[in-house]
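Here is the structure we will look at, set down as structure tokens.
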Amino acid sequence: MIDVAIVAFTTFFVTVGPVDVAVVYAALTPKHTPAARQKMALRATVVATIILLGFALLGETLLSWLGISLPALRTAGGILLLLIGIDMVFARQSGGVSATESETREASGRADISVFPLATPLIAGPGAMGAAILLMAGTSGDTLHQATVLAMLLLVLLLTFLCLLAAVRIQHLLGVTGAQVLTRILGVLLCALAVQFVFDGIAESGILV
């Protein structure tokens, strides 16, 4: 149970990236009042929670309708997370766990960025969505394990909300260099987790037997 919680928390923390989201959020809202930033942070967290819970609870059912097996999901999800991890290590904006340059430019002209790009793709991006489906599918229907995964998802989202509230302070504390160093460290960790998912998927597929 502890292993499930650690893997789920680490995967969600890296793919959601509460600190990275906070730094970007602070950069996009320098002219907003503290009250407006708090309101957008709350709305964005709620929307992202709905999106990610939807993928976590319904994603496996959708994949079963499409005839996608669990080993295939593990392997494909691992490859997706690996690519995202590589982008994080090299500080590239691919849209996996952050907004792309074009999305950031579009958001800079918006008065309310709570839904786009804050809720998605910054918080509930492709990486977090894929991780939610992958981790829930890996529980093999065990109710306790599923509850643990969902609890870790909600915990990370709560941490994200708290980071958004302290976004300006985090930005001043870390700066651009500090944020990139943290992103690279988390990227290495995500790559290791992703490779393990790929190994597990290949092993469960039976193609090596």
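Stick to the Cα atoms of segment 1-40, pair each with every other, and give me the Kirkwood hydrodynamic radius in Å at one decimal. Don't skip to the answer; put the middle values down first.
Working: mean 1/r = 0.0835 Å⁻¹.
One decimal place: 12.0 Å for the Kirkwood radius.
Hull volume per residue, based on the alpha-carbon atoms of the chain and their convex hull, is 117 Å³.
Remark: segment 117-127, residue by residue, has Karplus-estimated 3J(HN,Hα) of x, 6, 4, 8, x, 5, 8, 9, x, x, x Hz, where x stands for each Gly or Pro and the curve is 6.51 cos²θ - 1.76 cosθ + 1.60 at θ = phi - 60°.
Local charge for Val149 was computed over the other residues whose Cβ lies under 13 Å away, with Lys and Arg +1 and Asp and Glu -1, and equals -3.
When the chymotrypsin sites (Phe, Trp or Tyr not before Pro) in segment 1-99 are filtered for DSSP coil states and for at most 13 other beta-carbon atoms within 10 Å of their beta-carbon, the remaining sites are Phe90.
Charged side chains reduced to their Cβ positions (Lys and Arg at +1, Asp and Glu at -1) give the chain a dipole of some 720 debye around its Cα centre.
P(r) tail for segment 116-209: Cα pairs beyond 21 Å make up 49% of the total. The length gained on full extension between Ile185 and Asp142, counted as 0.36 nm times the residue separation minus their Cα-Cα distance, comes to 12.3 nm. The HN-Hα couplings worked out from phi for segment 147-153 by the Karplus form 6.51 cos²θ - 1.76 cosθ + 1.60 (θ = phi - 60°) are 4, 5, 4, 5, 5, 5, 4 Hz, whole numbers, x standing for Gly and Pro. Rg and Dmax, both from the Cα atoms of segment 158-209 and both in Å, are 17.7, 54. For the chain, modelled as a GNM whose springs connect Cα atoms under 10 angstrom apart, the maximal fluctuation among Ala76, Ala132, Ala56 occurs at Ala76.
Ordering Pro34, Leu158, Ser64 by Cα displacement along the dipole of the chain toward the positive end leaves Pro34 in first place; charges were set at the Cβ atoms of Lys, Arg (+1) and Asp, Glu (-1).
Against the globular-protein guess of 2.2 N^0.38 Å, express the Cα radius of gyration of segment 11-74 as a ratio, rounded to two decimals.
Values: Rg = 16.6 Å, N = 64, 2.2 N^0.38 = 10.7 Å.
Computed over Cα atoms of segment 11-74, the ratio equals 1.55.
3J(HN,Hα) couplings calculated from phi for segment 197-203 with the Karplus curve 6.51 cos²θ - 1.76 cosθ + 1.60 (θ = phi - 60°) are, in sequence order, 4, 5, 4, 5, x, 5, 5 Hz; Gly and Pro show x.
The numbers here are math on the coordinates, done by the rules we state, and not lab data. Computed from a prediction, not measured in an experiment: that's the story for all the values here. Here Cβ is always computed from backbone atoms with ideal geometry, including for glycine, and neighbour counts include all displayed protein chains.
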